[in-house]
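Please read the structure below before turning to the comments.
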Amino acid sequence: MFIRLKELAQKADAVHFDETVDLSDALKESNDILDASPLHVSLKALHQDEVAEVTGQLSIDVEQPCSRCLNPVKQKLVIPFHETFARAADESESDDEDEETHYVKDDKIELLPYLIENVMMALPYVPLCDEECLGLCPVCGVDRNVQACNCNRTSIDPRLAGLADFFKE
């Protein structure tokens, strides 16, 4: 998915993108994603005041392991997208740390890295199957949402273990 700055500058209207992009190669490197649908991209690009502004939304279905019980969690992510591109006049301008504008040297802008970045940043950091998820037992490993276990989960500081013996009857 490309944008050509010269062509965009010559058009009076916005250019619309309504595509489906396969991100499976980029997302398979992440251990946090079990499965993902193709990314649906609905964007518009508009050239004004010497910058190209690309806005719209991305939507993708992802499946991640629950961070407590490791069961798969399916979620539909709808991600707002907003990036601004400008042509770099010289070498020093392209190195500026302006976080809102991406300065490019070429006329052709590849949007795929920006799409991947927005998807990765929108992934839940701690996905949960349910807010009340009990998770796995740290002793026996049973899923406490399915069955209860009678494991002793009280931990005693080893420095005070001798005192526990003192209070036994």
Just to be sure I understand, how many residues within the stretch 67-84 are assigned to a strand (DSSP E or B) and under 19 Å from the mean Cα position of the chain (by Cα)? 12
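For (1) touching a strand residue (DSSP E or B) at 6+ places or on another chain (Cβ under 6 Å); (2) at pLDDT 85 or above; (3) not hydroxyl-bearing (Ser, Thr, Tyr), each residue gets a yes or a no:
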site: Pro80; (1), (2), (3): yes, yes, yes
site: Arg144; (1), (2), (3): no, yes, yes
site: Ile156; (1), (2), (3): no, no, yes
site: Phe167; (1), (2), (3): no, no, yes
What single numbered condition from (1) open to solvent by 20 Å² or more (accessible area, probe 1.4 Å); (2) at pLDDT 90 or above; (3) under 18 Å from Lys108 (Cβ atoms) fails to hold for Ser94? (2)
For Arg87, indicate whether it is open to solvent by 100 Å² or more (accessible area, probe 1.4 Å), more than 15 Å from the chain's Cα centre (by Cα) and in contact (Cβ under 8 Å) with a residue 60 or more places away in the chain. yes
Please determine, by comparing only the residues of the stretch 1-19 that are touching a Phe, Trp or Tyr at 6+ places or on another chain (Cβ under 9 Å) and modelled with pLDDT under 80, which one is surrounded by the most Cβ atoms within 10 Å (Cβ to Cβ). Leu5
Residues of the stretch 20-66 that turn out to be closer than 21 Å to Asp107 by Cβ and either open to solvent by 70 Å² or more (accessible area, probe 1.4 Å) or not in a strand (DSSP E or B) (or both), as a count: 4
Reported set for the stretch 6-57 where residues are free of Cβ contacts under 8 Å to residues at least 24 places away in the same chain and within 23 Å of the chain's Cα centre (by Cα) is Glu19, Thr20, Asp22, Ser24, Asp25, Lys28, Glu29, Asn31, Pro38, His40
Take the stretch 125-169 and flag every residue that is surrounded by 13 or more Cβ atoms within 10 Å (Cβ to Cβ) and of a type in the set (Val, Ile, Thr). Val142
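The values are calculated or read from the model by the stated rules, or taken from the named source; none is laboratory data. Everything quoted here is computed from the prediction, not taken from an experiment. Every residue, glycine as well, gets a Cβ built from its backbone with ideal geometry; the counts of neighbours run over all protein chains shown. Keep in mind that these areas ignore ligands, DNA and RNA; they rest on the heavy atoms of the full protein, side chains included. Shrake-Rupley method; radii C 1.70, N 1.55, O 1.52, S 1.80 Å.
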